[in-house]
Amino acid sequence: MEGLNVVDAELVVYLHPSKSRKISQAILRELSSLLFRFYEAFDGVLLAYDVNVVDNLPKILPGVQPYFGFNLKANLLVFSPKPDMLLEGKVVKLSQESIHVIVLGFSSAIITAESVRAEFKYRTKGEEGIFASRSHKRHVIKVGTMIRFSVKSFDDEILHIIGSLMLVHTGSISWLDRNLEENSEFDRSATKSRDREWREDKTVDEGETPSGYNNLVNKSKKRRIA
Amino acid sequence: MGLELLKYPEMEEDNVLNFTDSEIVSHVKDALTSVLSGDNNSYNQLVGVMHHSKHLAPDEVALLETTLKALAGAVSSIDITHHDSLLSAIFSMSMWNYGPHVADALAELIVSLAISNGKYLDLCLRMLVSNFTPPPYFLDKLKLSRGLERKGQVLSRVHAAFKKIADYVPLAPLRLLTVVLQGMPTIYHKDRAILIYVENMLKLESGEIGELVGSTMLMAVVDRLIELDVEIGWDAILQDDFSKGIFEMELEDVDDIDECSEPDVGEFRLSRKSLAGNSIAELLDNLLVLTFEHLESCEREGRLAKVFETLLQSFQITVLSAYKSKFTQFVIFYACALDPENCGMSFATMLVELFVQDSQPQPTRMSAVSYLASYLSRAKFLSASFICSMLKRLVDWCLEYCETHNGDLNPNAHRVFYSGCQAIMYVLCFRMKAFVNVPRLRLQLLMPLEQVLKHKLNPLKVCLPSVVEEFSQTGKSCFSFHQLSRAFGGLERLDTFFPFDPCLLKRCDSFIRPMFVFWSMVKPTYDDAYDDDEDDGSSDDELVRDHVNENEDMMNGWVGKSFDEQGIDMDEFDCELQKMSITPKTTSGHKFGGRMPSRIRPSTSPESL
């Protein structure tokens with residue numbers, strides 16, 4: 001999955017004098033208050049941190065309340081989805097109008113029906129709705145499926161993603177991985193079949209696929225945690 | 001209203017609606033998208049349906065329901081700028097105005113909107129939170145059965161909507177916290193909306209997203225309770241008497257006491273400000289009862305231990321540091337009563353820990369020990385052995401303090417110590433009977449205590465005279481304090497506070513009463529001893545007085561009544577309060593004047609000048 005980065009950061013944390021008895025706890029508290037928020041400085045959402053205090057002698061700020069500042073070195077796990085990135089998430093709601101996905105357990109994503117490629121058709125199977133591929137019978141998306149989708153936009157206030165399933169390499173992850181195992185050959189034939197599909201269904205091309213696209217897919221596969 | 005009924009085109013030909021949902025949805029979508037190209041007709045009709053809310057005929061209700069459902073399917077076509085009139089119409093709808101089907105459809109629409117786009121999330125949450133309270137015209141109907149039914153309908157849908165939104169947008173509860181806290185009605189709202197709002201907050205705590213939002217809700221409720229609590233000021237009582245000199249005030253009060261059975265005596269300012277007429281007190285009473293009931297339900301569900309952790313934290317942050325909180329502390333008292341072994345004991349332990357820690361600030365330590373003293377005395381559900389072990393810790397601490405501090409009597413320098421001594425004596429006044437026959441206790445508790453009290457630091461001179469007096473009477477068989485009964489009283493007084501004195505709020509009191517120790521239950525009979533003291537006469541203490549009443553006859557008459565057992569009558573309460581601790585503010589730099597222990601006799605102050 002893309003969008004996750006580990007970042008090295010140098011931070012300064014200022015603590016109120018009342019915290020001087022339990023400093024490490026206070027530092028961790030301060031950092032914890034940054035979690036699950038988007039920061040320009042990190043260019044992403046902070047998910048986790050690992051921190052080391054650089055010096056043991058803090059600098060005291062002059063002023064009415066003498067806050068004191070610690071220099072820290074931290075490893076930060078940052079989530080920064082950008083347009084056209086591929087993300088993975090679990091489908092929690094599916095209707096004719098939209099697919100709702102949750103990414104990494106905290107970020108909600110929506111894929112509207114207009115952003116689902118024509119390969120998929122909405123069907124009701126009993127009580128629940130599914131999106132089934134017309135060309136590959138086994139390729140089915142329903143509630144609980146882990147899917148890979150591309151990012152259209154990201155709202156950094158509420159951490160809401162608008163995604164799309166227009167690209168060929170998006171869809172149910174389990175199906176994609178199984179059927180992309182015959183790597184290079186399949187990739188080439190996939191391009192051909194993609195063209196065929198487009199001609200058949202007259203879908204509009206969502207956008208240019210980046211040139212290094214196949215490499216990207218392989219990389220993300222390698223990074224995937226089993 | 002003169003509004004034309006919106007007709008879907010086919011309806012005119014056909015009386016039976018037989019469209020599929022998707023057809024209706026696409027019709028609505030067309031109406032929405034046509035705005036972008038400038039054609040507003042169908043869109044305006046849609047908005048009109050939203051606004052039509054009062055006195056709906058059945059087919060209008062059906063139309064509204066259908067429209068809402070269709071909109072729920074068409075949320076992806078709603079644009080925040082182009083369709084702002086529609087959105088504002090939707091967000092200003094109140095579920096209280098409609099029946100269950102429309103409410104369902106509206107809730108569905110709100111949930112769909114909230115999860116479709118981050119931009120709508122806050123707005124949707126705010127709309128749902130605004131449905132916590134009914135529209136003004138409905139507030140009176142809440143007491144009727146019809147009103148209660150509607151309330152149940154609306155609130156269940158609102159809370160179910162929160163859960164659904166949280167399922168699809170995991171960070172929604174975080175935003176919800178902010179929205180709920182911002183939307184809290186202030187205590188000055190005349191319409192008592194705060195009551196139903198707090199009910200909703202507590203419902204959130206026990207609801208399905210309770211794990212995520214519960215503790216913040218609880219703490220916010222306690223904060224609001226304290227805000228109300230401090231609005232009922234003792235200051236109001238003090239400031240009227242302040243302008244007069246000490247003796248004048250006392251003379252006047254002596255006169256007034258004769259008339260205390262009539263609450264409307266002219267000079268009797270207290271009755272004007274008495275709690276009986278105080279609407280804030282009534283509101284606080286109702287809120288406290290809500291909280292008690294919530295704690296009861298937590299206990300039934302087995303969650304009380306977890307909830308108590310939050311309560312304890314909230315207590316330390318808010319209640320302990322509030323200056324002389326009057327009633328809010330009964331929340332924690334009640335929680336302790338519901339689960340004496342876990343909650344009851346951990347509360348006392350927490351207070352003791354605060355007291356013995358040098359690193360805590362002085363006011364916190366003194367406040368903690370006041371709470372501890374009052375709690376150990378008043379809690380019927382605590383075992384004698386536990387109380388004894390708590391006292392032992394206090395006594396041991398005081399003894400150690402004596403051994404490491406060799407100074408003389410100095411109320412300012414040793415305030416924490418003196419407050420500790422007073423706490424011990426206060427608890428023993430209530431609980432001595434339980435302890436006195438156990439030989440081990442004598443050794444471990446009473447003997448070290450005697451050492452402490454006889455130390456150079458002389459706590460008996462600094463602690464509140466009434467407490468010392470009562471203690472010396474109670475402990476007569478154990479201690480030899482005869483010589484001290486003349487010398488106490490002290491030029492120095494301790495500012496005191498007995499937080500768990502009988503609760504003056506009627507409804508609360510009925511909850512607390514069964515688990516509460518009243519002085520009348522434990523006071524020893526010592527009328528002979530009392531007569532002895534009479535001969536000493538009452539010398540006036542020019543510096544300070546903590547009791548205004550020196551008239552022995554009056555006292556006898558008062559002692560004879562056991563008002564505790566009769567339940568507190570507001571008039572009697574006025575009487576009691578007036579007699580007890582009405583004193584001016586600081587004189588000679590010493591503050592005092594909290595409430596006296598309710599049935600401990602006032603001091604006859606035979607100290608010499």
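The values are calculated or read from the model by the stated rules, or taken from the named source; none is laboratory data. The shown structure was predicted, so the numbers you read here are calculated from the model rather than taken from an experiment. Backbone-built Cβ (ideal geometry, glycine too); neighbour counts: all protein chains shown.
Among the residues making up segment B:59-86, a single one is part of a helix (DSSP H, G or I), within 14 Å of chain A (Cβ to nearest Cβ) and either β-branched (Val, Ile, Thr) or over 21 Å from A:Ile111 (Cα atoms) (or both): B:Val75.
Go through segment B:129-170 and give me each residue that's of a type in the set (Gly, Ala, Ser) and at pLDDT below 90.
We begin by selecting, within segment B:129-170, every residue of a type in the set (Gly, Ala, Ser); these are B:130, B:145, B:147, B:152, B:156, B:160-161, B:166.
Within segment B:129-170, B:Ser145, B:Gly147 meet the criteria.
For segment B:163-178, state whether one or more residues are within 19 Å of B:Pro100 (Cα to Cα) and of a type outside the set (A, V, I, L, M). Yes, because at least one residue in segment B:163-178 is within 19 Å of B:Pro100 (Cα to Cα) and of a type outside the set (A, V, I, L, M).
Okay, residues lined up against (1) closer than 25 Å to B:Ser26 by Cβ; (2) modelled with pLDDT under 90:
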residue: A:Val64; (1), (2): no, yes
residue: A:Val78; (1), (2): no, no
residue: A:Pro81; (1), (2): no, no
residue: A:Gly105; (1), (2): no, no
residue: A:Val116; (1), (2): yes, no
residue: A:Tyr122; (1), (2): yes, no
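So if I check each of B:Ala62, B:Ala89, B:Ala107, which one is surrounded by 21 or more Cβ atoms within 10 Å (Cβ to Cβ) and of a type in the set (A, V, I, L, M)? It would help to see each step written out before you state the result.
Working: B:Ala62 fails: surrounded by 21 or more Cβ atoms within 10 Å (Cβ to Cβ); B:Ala89 fails: surrounded by 21 or more Cβ atoms within 10 Å (Cβ to Cβ).
Just one listed residue meets the conditions, B:Ala107.
Under the condition of being away from chain A (no Cβ under 14 Å) and of a type in the set (A, V, I, L, M), the residues counted in segment B:162-185 number 3.
Being in contact with a strand residue (DSSP E or B) (Cβ under 7 Å, 6 or more places away or on another chain), surrounded by 15 or more Cβ atoms within 10 Å (Cβ to Cβ), at pLDDT 90 or above and not assigned by TED's automatic domain parsing to the domain that holds A:Thr170 is a property that A:Ala9 has.
Scanning segment B:1-34 for residues that are under 25 Å from A:Gln96 (Cβ atoms), modelled with pLDDT under 85, more than 14 Å from chain A (Cβ to nearest Cβ) and not in a loop (DSSP other than H, G, I, E, B) gives B:Pro9, B:Glu10, B:Met11. The strands (runs of 3 or more DSSP E) located wholly in segment A:43-161 that include 2 or more residues which are within 28 Å of A:Ser174 (Cα to Cα) and within 14 Å of chain B (Cβ to nearest Cβ) occupy A:44-53, A:86-94, A:98-103, A:107-112, A:120-125, A:146-155.
Of the helices (runs of 4 or more DSSP H) lying entirely inside segment B:105-183, those carrying at least 3 residues that are of a type in the set (Gly, Ala, Ser) and more than 26 Å from the chain's Cα centre (by Cα) are B:145-168.
Considering segment A:22-75 alone, what residues qualify as being of a type in the set (D, E, K, R) and in contact (Cβ under 8 Å) with a residue 24 or more places away in the chain?
Listed by number, the residues that qualify are A:Asp43, A:Asp50, A:Lys73.
For segment A:2-22, residues that are assigned to a loop (DSSP other than H, G, I, E, B) and away from chain B (no Cβ under 14 Å) total 3. When B:Leu290 is tested against (1) modelled with pLDDT under 55; (2) within 18 Å of B:Leu202 (Cα to Cα); (3) hydrophobic (A, V, I, L, M, F, W, C), only condition (1) is not met. Taking B:Ser130, is it closer than 30 Å to B:Ile226 by Cβ, out of contact with any Cys (no Cβ under 9 Å at 6 or more places or on another chain), away from chain A (no Cβ under 14 Å) and in contact (Cβ under 8 Å) with a residue 24 or more places away in the chain? For B:Ser130, the condition - closer than 30 Å to B:Ile226 by Cβ, out of contact with any Cys (no Cβ under 9 Å at 6 or more places or on another chain), away from chain A (no Cβ under 14 Å) and in contact (Cβ under 8 Å) with a residue 24 or more places away in the chain - is met. Checking segment B:331-338 against the condition returns a match, with at least one residue being in contact (Cβ under 8 Å) with a residue 12 or more places away in the chain, in contact with an Asp or Glu (Cβ under 7 Å, 6 or more places away or on another chain) and away from chain A (no Cβ under 14 Å).
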